[in-house]
Amino acid sequence: MVGHAPRNVNAIIRHIVNYSWPSPYSSFSASFAAAAAYALAGPRGKATPAEPGWVYEIDVTVAIQLGARFVDPAREVLSQNPDIGAPGTIATFHDGGQDLILGIADPALHRKVLLTPPRQPGPAGHTHGPGPPIVHHELRAVIFALRDAEILATTDVSAACITARYPVD
């Protein structure tokens, strides 16, 4: 069930990055594997054979016919980027290395990337910045949304749209 907070890009970012509740969105995934990973972690703890997590499959076409509305969160966040060369910061840019996205997508496995000061211009190119890479919430939201093949519902989705339910443990 979706909450009744304002629906905007900041709410999308909070929903994805901070797991905020109440949220005006419900999360869905186009990837069974991503959905199963969330079901295994479970809102009430790790799934077990006695208490499995569940992945629900829905028919999006039927959901839309019944009035459900969906948004692509990565697209919504990226659409707010200013034009290249415009004043200000492009919040989905970063100053880290090419492996920074791995660190954002899987901080448990690639934590060092998030903590190591990135290379900066200097004598012989060997200068490192004073701290970890600069990463804005907008970039985290886009990477998390892509990692999870996330789709957000802006309305409730009727149980009539459920086509299958899969236990995972």
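The values are calculated or read from the model by the stated rules, or taken from the named source; none is laboratory data. None of the values given here were measured: they were computed from a predicted structure. Note that each Cβ is placed from the backbone with ideal geometry, even for glycine, and that neighbours are counted across all protein chains shown.
How many residues are among the hydrophobic types (A, V, I, L, M, F, W, C) and in a helix (DSSP H, G or I) when one looks only at segment 28-70?
Qualifying residue count for the region: 13.
Taking the condition assigned to a helix (DSSP H, G or I), small (Gly, Ala, Ser) and either touching a Lys or Arg at 6+ places or on another chain (Cβ under 8 Å) or surrounded by fewer than 16 Cβ atoms within 10 Å (Cβ to Cβ) (or both), does GLY88 pass?
No.
Determine whether segment 101-108 contains at least one residue that is touching a residue at least 12 places away in the same chain (Cβ under 8 Å), in a helix (DSSP H, G or I), surrounded by fewer than 15 Cβ atoms within 10 Å (Cβ to Cβ) and not small (Gly, Ala, Ser).
The answer is no; no qualifying residue exists.
What are the residues in segment 10-27 that are of a type outside the set (Ser, Thr, Tyr), within 16 Å of ASP72 (Cα to Cα) and part of a loop (DSSP other than H, G, I, E, B), if any?
PRO24
ALA145: touching a residue at least 60 places away in the same chain (Cβ under 8 Å), under 24 Å from ALA37 (Cα atoms), in contact with a helix residue (DSSP H, G or I) (Cβ under 8 Å, 6 or more places away or on another chain) and surrounded by 13 or more Cβ atoms within 10 Å (Cβ to Cβ), yes or no?
Yes: the conditions hold for ALA145.
Among the residues of segment 71-85, write down those that are acidic (Asp, Glu) and not in a loop (DSSP other than H, G, I, E, B).
Of everything in segment 71-85, just one residue is acidic (Asp, Glu) and not in a loop (DSSP other than H, G, I, E, B), namely GLU76.
Looking only at residues that are at pLDDT below 90 and surrounded by fewer than 16 Cβ atoms within 10 Å (Cβ to Cβ) in segment 19-40, which one is farthest from the chain's Cα centre (by Cα)?
This residue is PRO22.
Pairs please, first residue from segment 64-82 and touching a residue at least 60 places away in the same chain (Cβ under 8 Å), second anywhere and in a helix (DSSP H, G or I) and among the charged types (D, E, K, R), Cβ atoms under 7 Å, 6+ apart in sequence or on different chains.
Pairs that qualify, where the first residue is touching a residue at least 60 places away in the same chain (Cβ under 8 Å) and the partner is in a helix (DSSP H, G or I) and among the charged types (D, E, K, R), are VAL77/GLU138.
Whether any residue in segment 118-129 is part of a helix (DSSP H, G or I), within 30 Å of GLU51 (Cβ to Cβ) and not polar (S, T, N, Q) is what I want to check.
no
Can you find even one residue in segment 62-71 that is charged (D, E, K, R) and within 20 Å of ALA145 (Cα to Cα)?
Yes, because at least one residue in segment 62-71 is charged (D, E, K, R) and within 20 Å of ALA145 (Cα to Cα).
Residue check: is VAL2 touching a strand residue (DSSP E or B) at 6+ places or on another chain (Cβ under 9 Å), modelled with pLDDT under 95 and of a type in the set (Val, Ile, Thr)?
Spelling it out, VAL2 is indeed touching a strand residue (DSSP E or B) at 6+ places or on another chain (Cβ under 9 Å), modelled with pLDDT under 95 and of a type in the set (Val, Ile, Thr).
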